[in-house]
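Trainee: Input: one structure, supplied below.
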Amino acid sequence: MMQFFQIFFNKILKIPCTRYIYISDGKGIFHARVHIKISRYPENFASKGLVIRKKSVSFVSRNINDSGMKYTETVLPGVWILEPKVFTDARGYFFEAYKRADFEQHIGAIDFVQENESRSSQGVLRGLHYQLSPFAQAKLVRVIEGEVIDVAVDIRRGSPTFGRHVSIELSGENKRQLFIAQGFAHGFYVKSATAVFTYMVDNPYTPSHERSIRFDDPALAIDLGINLKDAILSPKDAQAPLLADAEINFDY
């Protein structure tokens with residue numbers, strides 16, 4: 001950012017500067033105070049958007065690194081919807097899918113250590129999955145291609161929202177993401193012909209600690225708008241226990 005201000009004043013505005021002071025207010029606004037040789041320039045710099053005060057120029061700009069990601073916490077504390085700002089032109093599109101500093105400012109520090117990707121056919125139902133502590137996983141999930149209904153269920157003992165769930169449509173078109181903290185079970189149903197699903201986790205896959213809960217548990221009341229008997233499940237997910245019988249070691 002300091003280099004940006006130096007180029008802006010010295011090369012674009014062609015104002016030689018002698019000293020720079022760069023301050024961030026922590027809210028996406030950056031301030032630069034730049035000292036110049038006032039005697040060589042007119043007092044009115046309004047045409048350049050600058051204001052002279054006591055032989056210095058104060059310049060304020062938006063953070064040029066601001067991704068524009070929108071963060072919305074759901075009714076389940078610990079589950080967030082992320083909506084990126086997408087830049088499009090004749091070539092296609094660009095957006096920032098993840099920026100650590102931005103993410104930590106809104107949600108907190110999560111040390112993602114592994115990223116996974118799957119491709120699934122229409123009608124595939126994956127989940128509800130989780131890993132027991134100490135290998136519990138927080139997840140940041142999104143769909144690159146296709147469309148799914150993504151579901152997170154609170155399975156933290158003592159939580160006021162224990163057993164409740166949120167569901168959200170994720171697609172390659174809307175580019176939404178869902179962050180799911182540790183202590184939640186997660187799964188998704190594929191609506192499109194195929195779906196490419198990717199997610200980052202903060203603990204590696206550990207088969208010995210992997211567990212599942214049935215999607216059609218009446219206590220969860222998850223409505224996918226389909227007959228679950230027609231869904232395509234793995235044998236493990238088809239034989240998963242109900243929430244009441246599941247092994248859980250998460251405390252709220």
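The values are calculated or read from the model by the stated rules, or taken from the named source; none is laboratory data. Since this is a predicted model, take the numbers as computed values, not measurements. So basically every Cβ, Gly included, is an ideal-geometry build from the backbone, and we count neighbours across all protein chains shown. With ligands, DNA and RNA removed, areas are computed over all heavy atoms of the protein, side chains included. Shrake-Rupley method; radii C 1.70, N 1.55, O 1.52, S 1.80 Å.
Trainee: How would Lys99, Lys191, Lys229, Lys70 rank on accessible area, largest to smallest, probe 1.4 Å?
Mentor: Lys229, Lys70, Lys191, Lys99
Trainee: Going toward the positive end of the dipole of region 80-138, with +1 on Lys and Arg Cβ and -1 on Asp and Glu Cβ, which of Ser121, Gly92, Ile81 do you reach last?
Mentor: The residue sitting most towards the positive pole is Ser121.
Trainee: Now a separate question. Averaging sequence separations of C-alpha pairs under 8 Å and six or more residues apart, then dividing by the length of region 123-252, give the relative contact order as a whole percent.
Mentor: It rounds to 38 percent for region 123-252.
Trainee: Multiply the residue separation of Phe94 and Gln114 by 0.36 nm, subtract the distance between their alpha-carbon atoms, and state the gained length in nm to one decimal.
Mentor: In short, 4.9 nm is gained.
Trainee: What order do you get for 236-244, 151-159 when each peptide is scored by the mean count of other beta carbon atoms within 10 Å, highest first?
Mentor: 151-159, 236-244
Trainee: Highest mean first, how do 212-220, 178-186, 87-95 rank when packing is the count of other Cβ atoms within 10 Å averaged over residues?
Mentor: My ranking of the peptides, most packed first, is 178-186, 212-220, 87-95.
Trainee: Sorting check: for 106-118, 194-206, which peptide has the highest mean count of neighbouring beta carbons within 10 Å, and how do the rest follow?
Mentor: Ranking the peptides 106-118, 194-206 by packing returns 194-206, 106-118.
Trainee: Now a separate question. Pairwise over distinct Cα atoms, reciprocal of the mean inverse distance: report the Kirkwood radius of region 104-252 in Å, one decimal place.
Mentor: After inverting the pairwise mean of 1/r, the radius is 15.5 Å.
Trainee: Determine which aspartates and glutamates satisfy two conditions relative to Lys191: a Cα distance under 15 Å, and not lying fewer than 8 residues away in the same chain.
Mentor: Here the aspartates and glutamates satisfying the reach criterion relative to Lys191 are Glu145, Glu147, Asp150, Glu169, Glu173, Asp223, Asp230.
Trainee: So, one more: Full extension from Asp245 to Lys229: what is 0.36 nm times the residue separation minus their Cα-Cα distance, to one decimal in nm?
Mentor: That works out to 3.6 nm of additional length.
Trainee: On to the next question. How large is the dipole of region 96-252 about the Cα centre if only Lys and Arg carry +1 and Asp and Glu carry -1, each at its Cβ, rounded to the nearest 20 debye?
Mentor: Dipole of region 96-252, to the nearest 20 debye: 80 debye.
Trainee: Which Cα, out of Ala240, Tyr252, Ala185, lies furthest along the positive dipole direction of region 142-252 (beta carbon charges, K/R +1, D/E -1)?
Mentor: Projecting each Cα onto the dipole axis, the largest value belongs to Tyr252.
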